[in-house]
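Data first, discussion second: the structure below is written as structure tokens.
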Amino acid sequence: MTAKNKNKPVINPVIKNCDCLKLLKGLEDNSIGHINCDPPYNIGYDGGDEWDSFATEQEYLDWCKQWIEECVRVLKPQRMMCIWGTQKSDTFLRLKLDLLNSIQSLHSQSAIHWSYNWGGRSKTNFAHKFETAWCYSKGNHFYFNAEEIRIKRKMPKNIRTGEPYTNGTIPTTIWEGNLSTISKEGKGSNFHPTVKPQFVLQRMIKAYCPPDEKVLDLFSGSGSTAIACIATDREFIGSEINKEYYRKSKERIKKHQGSLFT
Ligand SMILES: C[S@@+](CC[C@H](N)C(=O)[O-])C[C@H]1O[C@@H](n2cnc3c(N)ncnc32)[C@H](O)[C@@H]1O
């Protein structure tokens, strides 16, 4: 971080064009304030770039075990790690039950569900339109900054006492909103098939990462988490294995640097 002026530091996200395990190897124990990872889901949804399929489910889970154990090592105690995936496949449940739940120092906390309402849909069944982040704290207690993420209450006052609500409320774990590739935040991201929306990432970062600590995303993709860190004034470090995504994400980040879109 370098000083732009006295009040506003410039956030320069660090992204390495390398395998996530290589990045992890260079990180110190207990050095990261929040981990927000959107890994391959092993469902073949990669726009033809072939990073989302593994030979077997077991191979996928074994690979996840490697980087998740390293994440636990680098995460500070009392901080949150959130891992995205989809319940379209049972693998994601196994990742939770067999893998994450088996790590002693991790404690399962409320999962966050991002729901959206765009794209193709089945004519013969309800449409599956959500993704889930398994959230685990290192240790039973964890940092949670309620003040930064309060929203307006639907009811202006307590219907029992008549007292007005003045302080807003903490959102539930179901967050609904679309990502539009022609909106300001989506612009320049359509080279990547699985972009995460800013409102989701920014809220997680504000809640779970103290302002003077660093966010880690091992699967940086189009650079969404880095951009969310710029918007929320957090330092960022990440890796992206694909050369083209890496290059284009740097361009996308440059365009957004310093802009506080939501
Ligand atoms: C689901 S996408 C992440 C998308 C990202 N959340 C965004 O908003 O753009 C997963 C990314 O992980 C990258 N990836 C796959 N295997 C990797 C590895 N071993 N190390 C680092 N990156 C990897 C893929 O190239 C892909 O861009």
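Just so you know, all these numbers are worked out from the coordinates, no wet-lab data involved. For clarity, every value in this text was computed on a predicted model and none was experimentally measured. Don't worry about glycine lacking a Cβ; one is built from the backbone with ideal geometry, like all the others, and counts go over all protein chains shown.
Projecting the Cα positions of A228, G44, Y246 onto the charge dipole of the chain (unit charges on Cβ atoms of Lys, Arg, Asp and Glu, taken about the Cα centre) puts A228 furthest along the positive direction.
Highest mean packing first, where packing is the average number of other Cβ atoms within 10 Å per residue, the peptides 101-108, 28-35 line up as 28-35, 101-108. Measuring nothing but how far apart in sequence close Cα pairs (under 8 Å, 6+ apart) lie, relative to its length, the range 29-209 scores a relative contact order of 24 percent. The peptide list 164-175, 56-67, 117-128, put in order of mean Cβ contacts within 10 Å with the highest first, becomes 56-67, 164-175, 117-128. Remark: spin-label model distance T161-D49 equals 5.2 nm, labels positioned 7 Å along the Cα→Cβ axis. The residue list A133, P156, C82 was ranked by how far each Cα lies along the charge dipole of the chain toward its positive end, using unit charges on Cβ atoms, and P156 comes out on top.
Its Cα centre serving as origin, the chain has a Cβ charge dipole (Lys and Arg +1, Asp and Glu -1) of approximately 1240 debye. Per residue, the chain reaches -7000 deg cm²/dmol at 222 nm when only DSSP H runs of four or more residues are counted, each adding -39500 (n - 2.57).
Ranking W63, S122, N101 by Cα position along the charge dipole of the chain, where only Lys, Arg, Asp and Glu carry charges on their C-beta atoms, puts S122 farthest toward the positive end.
Based on the alpha-carbon gyration tensor of the range 33-179 and its eigenvalue square roots a ≥ b ≥ c, which shape applies: rounded if a/c is under 1.5, prolate if not and a/b is larger than b/c, or oblate? Because a/c hits 1.5 or more and a/b fails to exceed b/c, the range 33-179 counts as oblate. Kindly put R73, R150 in sequence by how many other C-beta atoms sit within 10 Å of each C-beta, fewest to most. Sorted ascending by nearby Cβ count, the order is R150, R73.
Sort the chain into rounded, prolate or oblate with this rule: let a ≥ b ≥ c be the square roots of the eigenvalues of the Cα gyration tensor; rounded if a/c is under 1.5, and if a/c is not under 1.5, prolate when a/b is larger than b/c, oblate otherwise. Here the chain falls in the rounded category. Each Cα pair under 8 Å and six or more residues apart adds its separation to the average, and for the range 111-262 the resulting relative contact order is 20 percent. Once you reduce the range 231-254 and the range 77-116 to the center of their Cα atoms, the two points are 24 Å from each other.
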